[in-house]
Amino acid sequence: MSSVLPELVSYLEGLADPHIVFDRKYRIVAANAAYRQQFSAGGASVVGRTCYDVSHHFDRPCDEAGESCPLARSRQSGQRERVLHLHHTPKGEAYVNIELTPVLDASGEAAFYVEKMEPLRIAQGRPAAQGMIGRAAAFQEMLALVARVGPSQASVLLLGESGTGKELVARAVHEVSLRANKPLVVVDCASLPETLFESELFGHERGAFTGAHASKPGLVEAASGGTLFLDEVGDIPLLMQVKLLRLLENGTYRRVGSTELRRADVRVVSATHRDLDAMVADGRFREDLYYRLSTFPIRLPALRERREDIPLLAKSLLERVTPRQLKLSRAALARLAAHDFPGNVRELRNVLERAALLTDGDTVEAEQVEQALAIGRRLHG
């Protein structure tokens, strides 16, 4: 293997993506320039250190510290493995997609492992001004699915309670896709009247109906080359479900008032808080459409399932809802973390905005949080 390793190292050195090579004992034997630049402070050498020390500052392998370890998984499968890690970098922790490939010796045993690192900039594990934020296991599981399906062309169905951030996740799917430089067009299915739904989605020709004084392209055309996000897809009228199915099955549609068959190049991401299985059973949602939309379903966790993320989210959201420089006391954070938030992140944002308005000083205390929660309880009876 020693005669192969120099050539391997030379090859990796010229790659644009960060790569490291380590042995069976997790010791790094090579790191390319891209890795040293992005993940090593001052570009210092990491050779001789263990991969888990560099990436997580652990004193033992990731799988022994409660993390998913690609090397351990590769040893079991004998194949390439992919995981999502929250990786230490000189600029702080960052989400990184890791792809590990075993390099076999003459006997067919893994002698070395090559890891490719791909920073995932759609989420943060610390307070941030925008984007998805979280560190909880449930959040990371969802994020890993987003990272895996994003580069494909598969239809994605986002499931979960109201207020869990489905549009934010849809944007993340778009941003990690090959269509990221094309439009993301949002269709709010719940707000479109049935009489206008087809026209808004597919467009219409002049004279197609009263008031159609000119031809108008629809949202499908606006999303050409990009992503069409159908929010609250469970509210699509049954008649329109047939026409949407045609779009998904063969990529064609017709404008209202036209016989011309048009082609659409769009990737569809949809979302709903409704129980589509029950709607299919009741005949309110087409089964064939359901299966076309749900090629890759992703369930968004409720906030109570990722309670440890509430302090991170609270600090970030507080900066977004008020221009004032406010802090949250430990007691205030504890009170927020103890609440179930049936309205999820949307409710948390509302509570923080109320609490900020109720605060005269520079720190939001538990008292203001309690008042803000009480206002919400009165509002919802």
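The values are calculated or read from the model by the stated rules, or taken from the named source; none is laboratory data. None of the values given here were measured: they were computed from a predicted structure. Positions of Cβ are generated from backbone atoms using ideal geometry, with glycine treated the same way; all protein chains shown enter the neighbour counts. Heads up: the accessible areas ignore ligands, DNA and RNA and are worked out on the full protein's heavy atoms, side chains in. Shrake-Rupley method; radii C 1.70, N 1.55, O 1.52, S 1.80 Å.
Excluding the sites themselves, what is the longest stretch of the chain that contains no GluC sites (Glu not before Pro) in a DSSP loop with at most 13 other C-beta atoms within 10 Å?
Values: sites that count: Glu109, Glu260.
Between exposed loop sites, the widest span is 110-259.
Shown here for the stretch 1-99: trypsin sites (Lys or Arg not before Pro) in loop regions (DSSP other than H, G, I, E, B) with at most 11 other Cβ atoms within 10 Å, namely Lys25, Lys91. The trypsin sites (Lys or Arg not before Pro) found in the stretch 177-278 that occupy coil by DSSP, while having at most 11 further C-beta atoms within 10 Å, are Arg206. Here the label points at Arg126 and Arg75, each 7 Å from Cα along the C-beta direction, are separated by 3.2 nm in the simple model. Under the criterion of Cα pairs below 8 Å and six or more residues apart, the relative contact order for the stretch 195-335 equals 21 percent. In this simple spin-label approximation, Val47 and Lys243 carry label points 7 Å from Cα along the Cα→Cβ vector, and these lie 6.5 nm apart. A straight line joining the Cα centroids of the stretch 131-173 and the stretch 284-353 runs 13 Å.
Given the pairs Lys166/Lys315; Lys182/Lys243; Lys182/Lys327; Lys25/Lys166, which are separated by over 30 angstrom at their Cα positions? Correct reply: Lys182/Lys327; Lys25/Lys166. With a Förster radius of 41 Å applied to the C-beta separation of Lys91 and Thr259, the computed FRET efficiency comes to 0.15. Based on the alpha-carbon gyration tensor of the chain and its eigenvalue square roots a ≥ b ≥ c, which shape applies: rounded if a/c is under 1.5, prolate if not and a/b is larger than b/c, or oblate? Verdict is oblate for the chain. Distant-in-sequence amide contacts of Lys327, defined by a placed amide H-H separation under 5 Å and a gap of 5 or more residues or a different chain, comprise Thr363, Val364.
Taking a point 7 Å from the Cα of Arg346 along the Cα-to-Cβ direction, the residues of the stretch 162-176 with backbone N closer than 14 Å to it are 162-169.
Taking amide H atoms as placed 1.01 Å from N in the peptide plane, the amide H of Arg299 lies under 5 Å from those of Leu159, each 5 or more residues away in sequence or on another chain.
If you average the alpha carbon positions of the stretch 40-89 and of the stretch 246-278, how far apart do those two centres end up, in angstrom? About 43 Å separates the Cα centre of the stretch 40-89 from the one of the stretch 246-278.
Within the assembled protein chains, the solvent-accessible surface assigned to Val103 is about 30 Å², based on a 1.4 Å probe. Ordering Leu219, Leu71 by accessible surface, largest first, gives Leu219, Leu71; the 1.4 Å probe counts only protein heavy atoms, with every chain in place.
Only DSSP H runs of four or more residues enter the estimate; each adds -39500 (n - 2.57), and after division by the residues of the chain the mean residue ellipticity at 222 nm equals -10500 deg cm²/dmol.
Between Leu15 and any residue 5 or more places off or on another chain, the built amide H atoms are never under 5 Å apart.
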